[in-house]
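Take a look at the structure set out below.
The values are calculated or read from the model by the stated rules, or taken from the named source; none is laboratory data. Since we're looking at a predicted model, the values are computed, not measured. Cβ placement follows ideal geometry from the backbone for every residue including glycine, while neighbour counts extend to all protein chains displayed.
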Amino acid sequence: MFRSSLSGNGGMFFIFEKEGSYNFWMKNMNFALDIIWIDADKKIVDIRENNQPCKESCKSLIPAGQAKYALEVNAGFIKKNKIKIGEQVNF
């Protein structure tokens, strides 16, 4: 929240203690984001593209599957890199 930007290939990586349904919202953001949810086996379980900032009455972005990790990146990253649900990631 309140950031003015992310670097071109930058992101914010969230690591949770255990798998769960971790919601995100775009309250007080200043730019659009793509969000990628990843399970404990490092498989993409959900993606949401071009999530727009909001100030009030922000809707929660709820993943379709259980995730242990979430990655927020600049809007357009998912499309540009042809990221798909079910793909394996390495980190």
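Being loosely packed, with under 11 Cβ neighbours inside 10 Å and either free of Cβ contacts under 8 Å to residues at least 12 places away in the same chain or part of a strand (DSSP E or B) (or both) is the requirement here; does I35 meet it? When the stated conditions are applied, I35 does not pass them. Return the pairs, sorted by first residue and then second, in which the second residue is surrounded by 11 or more Cβ atoms within 10 Å (Cβ to Cβ) and acidic (D, E), the first residue lies in region 3-31 and is farther than 20 Å from K42 by Cβ, the beta carbons are less than 8 Å apart, and the residues are 6+ apart or on different chains. Within 8 Å, the pairs are L6/E72.
Of everything listed in (1) of a type in the set (A, V, I, L, M); (2) part of a strand (DSSP E or B); (3) at pLDDT below 95, the single unmet condition for M29 is (2). Answer with yes or no whether P53 is at pLDDT below 95, touching a strand residue (DSSP E or B) at 6+ places or on another chain (Cβ under 9 Å) and either of a type outside the set (S, T, N, Q) or crowded, with 17+ Cβ neighbours inside 10 Å (or both). In short, yes. Being crowded, with 16+ Cβ neighbours inside 10 Å, of a type outside the set (D, E, K, R) and part of a strand (DSSP E or B): is that true of I15 here? So I15 does not fit the description; no. Looking only at residues of region 56-83 that are out of contact with any strand residue (DSSP E or B) (no Cβ under 7 Å at 6 or more places or on another chain) and of a type in the set (K, R), we find that the one that is modelled with the lowest pLDDT is K59.
Rundown of residues vs (1) in a strand (DSSP E or B); (2) of a type in the set (K, R); (3) surrounded by 12 or more Cβ atoms within 10 Å (Cβ to Cβ); (4) in contact (Cβ under 8 Å) with a residue 40 or more places away in the chain, yes/no style:
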| position | (1), (2), (3), (4) |
| --- | --- |
| A40 | no, no, yes, no |
| I44 | yes, no, yes, yes |
| I47 | yes, no, yes, no |
| C58 | no, no, yes, no |
| A64 | no, no, yes, no |
| Y69 | yes, no, yes, yes |
| K82 | no, yes, no, no |
| I85 | no, no, yes, yes |
| F91 | no, no, no, yes |
